[in-house]
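Shown next, in structure tokens, is the structure this report addresses.
We did not get these values from a lab; they are worked out from the coordinates using the rules stated. Treat the numbers as computed from the prediction; the structure is a model and nothing was measured.
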Amino acid sequence: MSEELLDSATGEPNGERPTFLTVLCILTFIGSGLGILGSILMVVGAGALAGYLGGAAAGGGLIWSILGLISSALSFYGALQMWKLKAQGFMIYVAGAVIGMASGVIASLSLGVGINFMGLVFPILFIVLYNMNRKHLTA
């Protein structure tokens with residue numbers, strides 16, 4: 001029988017990523033990956049639309065697409081750092097989530113459409129869940 005060293009405070013094996021953190025990171029990789037892909041497609045689409053409409057009409061869509069790309073990339077990179085159990089990943093993830101939520105609200109208000117509340121609920125939920133796992137992250 002092999003003897004594992006356990007962390008006395010959490011009961012988790014030292015240096016191992018908890019299962020819940022692993023699941024959160026995988027879900028973030030999937031969501032952020034889709035966000036990056038969607039943002040790239042929107043940037044290309046906005047560029048094509050600008051070519052047809054003369055540029056000004058698609059300019060606003062291009063800005064929101066680029067902000068979405070930045071938000072998704074930061075969230076992905078933050079989750080990647082937390083996957084490696086690095087504490088700085090949490091702050092990077094939070095920055096990406098806040099940029100995504102803020103740009104979504106501002107875009108909704110500027111376009112005169114309703115605010116997507118799921119676009120606010122899920123990032124806040126993930127921030128709370130990641131925060132619960134910060135004790136497993138190291139500097």
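Laid out as a table, the results:
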{"quantity": "Projected area averaged over orientations for the stretch 76-133, convex hull of C-alpha atoms, nm²", "calculated": "3.7 nm²"}
{"quantity": "For the stretch 19-133: span of alpha carbons on each principal axis (Å, largest first)", "calculated": "50, 24, 19"}
